[in-house]
1. Quick one: net charge around ASP236, please, counting Lys, Arg +1 and Asp, Glu -1 for every other residue with C-beta under 15 Å from its C-beta.
2. Please name which of SER11, HIS65, LEU33 has its Cα lying farthest along the dipole of the chain towards the positive end, using unit charges on Cβ (Lys, Arg +1; Asp, Glu -1) and the Cα centre as origin.
3. For the stretch 137-273, what number results from the quotient of the Cα radius of gyration and 2.2 N^0.38 Å?
4. Using the crude model of +1 on Lys and Arg Cβ and -1 on Asp and Glu Cβ, and no other charge, please compute the dipole size for the chain relative to its Cα centre, in debye to 20.
5. Would you kindly state the longest site-free stretch of the chain, with sites defined as GluC sites (Glu not before Pro) in a DSSP loop (not H, G, I, E, B) surrounded by at most 11 other Cβ atoms within 10 Å?
6. Choose one answer from ASP135, ASP103, ASP18: the residue with the largest mean-square fluctuation in a GNM of the chain with alpha-carbon springs under 10 Å.
7. Would you mind ranking THR97, THR189 by Cβ crowding within 10 Å, fewest neighbours first?
8. Using every alpha carbon pair in the stretch 3-263, what percent of pairs falls into each 10 Å bin from 0 up to the bin containing the largest distance?
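Only the coordinates and a few stated rules stand behind these numbers; no lab work does. Source: prediction; values computed, not measured. No Cβ is skipped: glycine too gets one built from the backbone with ideal geometry, and neighbour counts run over all protein chains shown.
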Amino acid sequence: MRPEDVINVESYPIADPDSPALARLIAQLSKDLADNQYCSLSGFIRPQALERAVADARAARSQAHDNNARRNCYLHREGDPALPADHPRNIMNDTSTRMIAYDLLPQDSPLKTLYHWDATRQFIAAIVGEDELYDNADPFQPVNVLCAEKGDQSAWHFDSGNAFTMTLMLQVPGAGGEFELVPNTRSDTDENYDYVHDVLTGKRIDDAVGVAREPGSLCIFRGCNSLHRVTRVESDPMRIMAVFVYERQPGVIGDPRVNANIYGPRACGQLRL
């Protein structure tokens, strides 16, 4: 597929950088991201591209790494014994997902077409306020597909080191699998442990914002300081979501040990893209 066959360029004219409509769109999305810590772009990809992406994910599901962990909201599998048992760093929750790495997707995947198009990267950079973004150079990380089956969930957590996260919903379950976010749970200067504790223990559940999850919708959010989760999937079909990773500098590859945890033992020693 050509990029224009994947992305709904009528609604999102990203191929025309001089378009006044694009300038207005970027301004609104940037404001949404600043105000709410997320922005949503409904119908970002075309129906035929969506159908193909779902088919690719189903075909690769048997090769996905079943990534199951018990962790705290800081993505650590061990707490801090020097802190009270109910401290956020000692509150552990189960997380499970089925991870399809970049190398398991076909070369002509619409997800790869979307990701590697210069216009997409420039569009995202403008929204998030970066002068330039670069493709991730790791063999596994640039585009992933996360499958969540009945019983799977992603517990409350902060993202680690990512200035922003970019996802594309491909398929939603009949029940559950809702994406929720608590904007600005902490800041760069204040961990705000009391508030984090209240979110983790359900005392501030009304502060959680449900983010639209229609298939074909692109979401950009800042998860470093905003707790977020995917609630437990309660029914079929499985939840399928793509995740895209852009970098602030070229040539970025992942730590093989981290990759092995995420993608399985085969990720150790893999050559660079």
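1. Numbers: positive: ARG58, ARG61, ARG98, LYS150, ARG232, ARG239; negative: GLU149, ASP152, GLU234.
That works out to +3.
2. HIS65
3. On the way: Rg = 16.1 Å, N = 137, 2.2 N^0.38 = 14.3 Å.
Here the answer is 1.13, to two decimals.
4. Computed charge dipole of the chain: roughly 680 debye.
5. Segment 79-273 is the longest.
6. Maximum fluctuation in the GNM of the chain, among the listed residues, is at ASP18.
7. With the fewest neighbours first, THR97, THR189 line up as THR189, THR97.
8. For the stretch 3-263, the pair-distance distribution reads 7, 30, 38, 21, 5, 0.
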